[in-house]
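The values are calculated or read from the model by the stated rules, or taken from the named source; none is laboratory data. Everything quoted here is computed from the prediction, not taken from an experiment. We place every Cβ from the backbone using ideal geometry, glycine too, and count neighbours over all the protein chains shown.
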Amino acid sequence: MQQTHQASPAPRFVPVAKPLADQIAEAIECRSTPLSQLLRLMSALNAEGGNEVLRHKLRARIGAPLDS
């Protein structure tokens, strides 16, 4: 059976990714960022061979109490 119409996938909105440094800065400022997200950002920063200042701030945020 031949198909006379080829369906193309619907266009999807794909947001532009923010630079890693911006993502980390936002995650550090937002007290509701889940620990799992902070750990993923740390992993990405390590893989990128990232900035020591950002690494220090992110480590401090990961270890910070929730009510601080």
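Here are some conditions: (1) at pLDDT 90 or above; (2) in a loop (DSSP other than H, G, I, E, B). Residue 15 meets all but one. Which one does it not meet?
Tallying (1) at pLDDT 90 or above; (2) in a loop (DSSP other than H, G, I, E, B), residue 15 fails exactly one: (1).
Keeping to region 29-68, report how many residues are of a type in the set (Gly, Ala, Ser) and surrounded by 13 or more Cβ atoms within 10 Å (Cβ to Cβ).
Going through region 29-68, the residues of a type in the set (Gly, Ala, Ser) turn out to be 32, 36, 43-44, 47, 49-50, 60, 63-64, 68.
When the remaining residues are screened for being surrounded by 13 or more Cβ atoms within 10 Å (Cβ to Cβ), the result is 44, 50.
Qualifying residue count for the region: 2.
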